[in-house]
Amino acid sequence: MAVIDQYFQHLVSSGGSDLHLSEGQPPKVRAHGAVSAIAEGILEHSTLDHMLREICDEKAYERFLEKGDLDFAYEMDEESRFRCNYFKQKNGLGAVFRLIPTNIKTIAELNLPPTIETFGDLRSGLVLVTGPTGSGKSTTLAGLMDYINRTYARHIITVEEPIEFVHEHKKSTISQREVPIHCPSFADGLRASLREDADIVLVGEMRDLETISLALTAAETGLLVFGTLHTNNARKTVDRLVDVFPSDQQSQVRTMLAGSLRGVVAQLLLKRDDQPGRIAVNEILVSTPAVASVIREGSTQKLYDIITGGREYGMQFMDDAIWEQLVGGKVSPLEAYMKAIDKSRFRAALPPEYEELGHSAGGTQED
């Protein structure tokens, strides 16, 4: 048993989500959104260096010492798998470990809108799952991939950094590739998938022009492409995709995106007020002729009206989803206010002691 496993066991038994190890600090765990120390002593360099080396490939660790960052996955036992990120910081070494559930939950078990599952029924196009780091994008996508895997006989290729949820072959065949172990980059993995008889490609992160360009091309040529971005609503997602390109290409990109985008699922995690834990809320954009027209024109400000008026297509505006959780007593007025886009709508619900916060903040939350 590795020395670090004692901390992983504590993380699992305490119901935590992340383990933080940092040179010069005590070990800490994030549980239900809050980070707290789990021991009094601070971590010395030699101790942390030994723990980090013990669970990592030797060549990968040398690469980390040279470059300052490393992502990989570690399996403690059949029921405990972790996404690991090593980094260098002011006081020396640091690492964060995210517990990856080995049991992949369905969209229904995750209490997500059923519209999300219908994106798995598509045969081609681009579907984006967006949100800040730690908002559960990977969990939602894993549930969606599992739905396809259980329902259809397709070839699914995932390009991830690192591989988080491990999928077994069910009706579909799933090829999971890890950056940089199995392919040098997301773009290389996506480009290769075009030659690998794929029906569906999951791109772990669309972070650069080359990857986004390849994703749009793949979606146009008949693949169903799922990708992620760090944006917190549908409008910003569309704008981000277009803005990545040089200005002289943006008109063409808008036309491509109008033809290939099938949907956007933006996700946030809210701290629950009725019980320990967190709850996901979603904004959902489903492509319609009106959506395609707005994207083609570049008038993405009109998406707000399309989403709020598109309930019959399964669309949902983020603030409406947050409001529903507030009215249902699942989240506090302060949590709802802090996560809302149009804060003025939630200001009246704030308790008297937070009135000053409500008046000092602006009307909307920006990404």
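The values are calculated or read from the model by the stated rules, or taken from the named source; none is laboratory data. Note that the structure is predicted; figures quoted are calculated from it, not measured. Backbone-built Cβ (ideal geometry, glycine too); neighbour counts: all protein chains shown. To get the accessible areas, we keep the full protein, side chains included, count just its heavy atoms, and leave off ligands, DNA and RNA. Shrake-Rupley method; radii C 1.70, N 1.55, O 1.52, S 1.80 Å.
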- Message: I'm trying to understand the selection: among the residues of region 327-349, which are open to solvent by 30 Å² or more (accessible area, probe 1.4 Å), in a helix (DSSP H, G or I) and without any contact (Cβ under 8 Å) to a residue 60 or more places away in the chain?
- Response: VAL327, PRO333, LEU334, MET338, SER344, ARG345, ARG347
- Count of residues meeting criterion [closer than 17 Å to ARG83 by Cβ, open to solvent by 30 Å² or more (accessible area, probe 1.4 Å) and among the small types (Gly, Ala, Ser)] in region 10-21: 0
- Message: Quick check on my filter: what residues within region 156-208 are closer than 25 Å to ARG63 by Cα and polar (S, T, N, Q)?
- Response: THR158, GLN176, SER185
- Query: Which one is nearest to the chain's Cα centre (by Cα) among residues in region 137-195 that are among the small types (Gly, Ala, Ser) and surrounded by 21 or more Cβ atoms within 10 Å (Cβ to Cβ)?
  - Reply: ALA142
- Note on the structure: Among PRO132, PRO113, the single one that is part of a loop (DSSP other than H, G, I, E, B) and surrounded by 17 or more Cβ atoms within 10 Å (Cβ to Cβ) is PRO113
- Within region 81-95, is there a residue that is at pLDDT below 95, in a loop (DSSP other than H, G, I, E, B) and touching a strand residue (DSSP E or B) at 6+ places or on another chain (Cβ under 6 Å)? yes
- Message: Pairs please, first residue from region 59-82 and at positive phi, second anywhere and surrounded by 12 or more Cβ atoms within 10 Å (Cβ to Cβ), Cβ atoms under 9 Å, 6+ apart in sequence or on different chains.
- Response: GLY68/TYR86; GLY68/PHE87; GLY68/LYS88
- Query: Out of all the residues in region 74-103, which are open to solvent by less than 30 Å² (accessible area, probe 1.4 Å) and closer than 20 Å to GLU178 by Cβ?
  - Reply: SER80, PHE82, CYS84, TYR86, ALA95, PHE97, ILE100
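Provide a single number: the residues in region 8-58 that are among the charged types (D, E, K, R), touching a Leu at 6+ places or on another chain (Cβ under 9 Å) and touching a residue at least 40 places away in the same chain (Cβ under 8 Å). Before the answer, list the steps.
Keep residues of region 8-58 that are among the charged types (D, E, K, R), which gives 18, 23, 28, 30, 40, 44, 49, 53-54, 57-58.
The next check asks that each one be touching a Leu at 6+ places or on another chain (Cβ under 9 Å); those that pass are 18, 23, 28, 30, 49.
Then drop every residue that is not touching a residue at least 40 places away in the same chain (Cβ under 8 Å), which leaves 18, 23, 49.
The qualifying residues number 3.
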